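Below: one structure, written as structure tokens.
Any read-out appearing in this document is the output of simple, stated calculations on the displayed coordinates, not a laboratory observation. Because the structure is a prediction, the values reported are computed rather than measured. Cβ coordinates were reconstructed from backbone atoms using ideal geometry, including for glycine residues, and neighbour counts include every protein chain displayed.
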Amino acid sequence: MWSLFRKKYPITFPAGSHGMSNDYIDRDVLDIMARIKSRGFEAYLVGGSIRDILLGKRVKDFDIVTDAHPRQIKRLFKRCFLIGKRFRLAHVYVSRDRFIEVATFRALVESSQMQDLGKKYAENNVFGTIEEDALRRDFTINALYYNSADSSIEDYTGGMEDIKKKLLRSIGDPVTRFQEDPVRIIRAGRFCAQLNFSLPRRERKAAEKCAIFITEANTSRLLEELYKILRCGASAATFENLRQFGVLKFWLPELAENPHWNNMIKRLSVIDNRRARGQDISNSILIASLLFDLFTDAAGEKAEKISHQEIINLIRTQYNAFATRLRLPRKEWDMVTNIASRIWIFKRFSAQRRMKGEARFVHNAYFPESLKFFEIFAEAEGSLEAHLKYWWQKDREYFHRSAPIQANSTLAAVSANKSPQSIYHPDTRPHKVKRRRKRRHTKRMSAQTATHQSPSTTQ
Ligand code: ATP
Ligand code: MG
């Protein structure tokens, strides 16, 4: 099989024969590659960045590969850290909080073989040649190597041709490759949706055949893929693909069997449109949008009448185990259930029917994030405009805001790893609320004194 590739490839595409040039690459990335090369090593840009530039898409991150070994890379840069146990990667920091990943060409040896080889032998054999590195990648369009010195592209698997044809072809036999790593099936669903590519018949059949292996995939990787899908700008189409490939019923069976599938697709489409406009959306809102129909079933008809706390309890009783299976961190799950349960309150009250204890509801730490989720929910439903306006109005009234909430203080606190109890909306931190109440109280008192005094003054 591999010898077939060896005969024909690599094909070198010189500068000018393709749409890629150094103009599309970050200065820092070019500098890192130049430094590696100045010491006699090879360095290429590889993976999603080349694919996206060739397709005229926005690039998210740049990955560099080289024949230099991790310790040799570390010696070249002042701020460079090695991560990973077996296969070590270098993170070269270009600023306080931004790094570029530099990896050494990887060998074709698979992890199962690795274990048999023994630690010492394995360590020396994880690194390989550029050709081996290309062949172990997932799809041909992800295995193109850009040389910044002469702006040429090295193609070892026919990726350039597939980019032209808009085909997502697996490198090697798709059954073997999907069996080896079933997460590739999910990636196939996302790439086809995101890039508007087709999956050839061979790959589609292999995906259907290997879908069941997804149950053995690492759950942390699956969660990471889930967030990637929800943020990729084509999450609705990706979920349609995953259902068609038959992988969703093994990965997230609750969603594959969702009788309100179209509602979920509508919410995901709203998210996709917002992502296309560059809007950042928190993990909790993404997950709440995905799972809301499951919550509706868990809450049942009585959800129209009970408190949001009771709704949270119903959701948690039914779906805590699901959240654990997804590997959602507890704080994230807290946030998801809190913001989702408040949807029923947003829908229940409006200018026509006022809520008792409204101030407390609005001042709650979860309110800003819940309102943002309600915006997405209402846009997908298309019939809750009056309710949305009412709650925006409340938000303005209580927080003197001139526009719907943009800042995300609550979530920032969550990601900063603070406990939910310590999270307060900036305007609802206890000392501020106390001060505000005190001010209001003094104002009222002085107004009362003024009215009491007024008769005497007019006399
Ligand atoms: P995106 O960043 O949009 O997810 P990407 O192709 O850059 O797209 P990454 O997850 O960043 O995806 O991976 C970088 C590269 O690593 C890929 O382009 C591919 O060559 C390789 N790769 C990633 N995941 C796999 C996998 N499961 N099997 C084989 N190769 C992979
Ligand atoms: Mg990438």
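The coefficient of translational diffusion for segment 259-373, derived via Stokes-Einstein from the alpha carbon Kirkwood radius under 20 °C and 1.002 mPa s, stands at 144 µm²/s.
Taking one quarter of the surface of the C-alpha convex hull of segment 1-90 gives a mean projected area of 8.0 nm². Taken over the C-alpha atoms, segment 290-357 has Rg and Dmax values of 12.6, 42 angstrom.
Projected onto their three principal axes, the Cα atoms of segment 32-77 cover extents of 35, 15, 14 Å, largest first. Multiplying the residue separation of Q309 and H260 by 0.36 nm and removing their Cα-Cα distance gives an extension gain of 15.2 nm.
Could you give the length gained by full extension between N320 and Y93, i.e. 0.36 nm per residue of separation minus their alpha carbon distance, to one decimal place? Could you put the intermediate results ahead of the total?
Details: separation 227, 0.36 × 227 = 81.72 nm, distance 3.87 nm.
Once the chain is fully extended between N320 and Y93, it gains 77.9 nm.
Full extension of the chain segment joining K85 with R71 gains 3.7 nm, where the gain is 0.36 nm per residue of separation less the Cα-Cα distance. Expressed in units of 2.2 N^0.38 Å, where N is the residue count, the Cα radius of gyration of segment 172-257 is 0.97. Using the Karplus relation 6.51 cos²θ - 1.76 cosθ + 1.60 with θ = phi - 60°, the per-residue 3J(HN,Hα) values for segment 294-299 come to 5, 5, 4, 5, 5, 6 Hz, with x marking Gly and Pro.
Charged side chains reduced to their Cβ positions (Lys and Arg at +1, Asp and Glu at -1) give segment 172-257 a dipole of some 280 debye around its Cα centre.
Taking every alpha-carbon pair in segment 1-165 and binning the separations at 10 Å intervals from zero gives 10, 38, 36, 15, 1 percent.
When only the Cβ of Lys, Arg, Asp and Glu is charged (+1, +1, -1, -1), the dipole of segment 1-165 relative to its Cα centre reaches about 600 debye. Taking 10 °C and 1.306 mPa s as conditions, segment 171-217 diffuses translationally at an estimated 151 µm²/s according to Stokes-Einstein applied to its Kirkwood radius (Cα pairs). Counting only Cα atoms, segment 46-106 measures 35, 28, 19 Å along its principal axes, largest extent leading.
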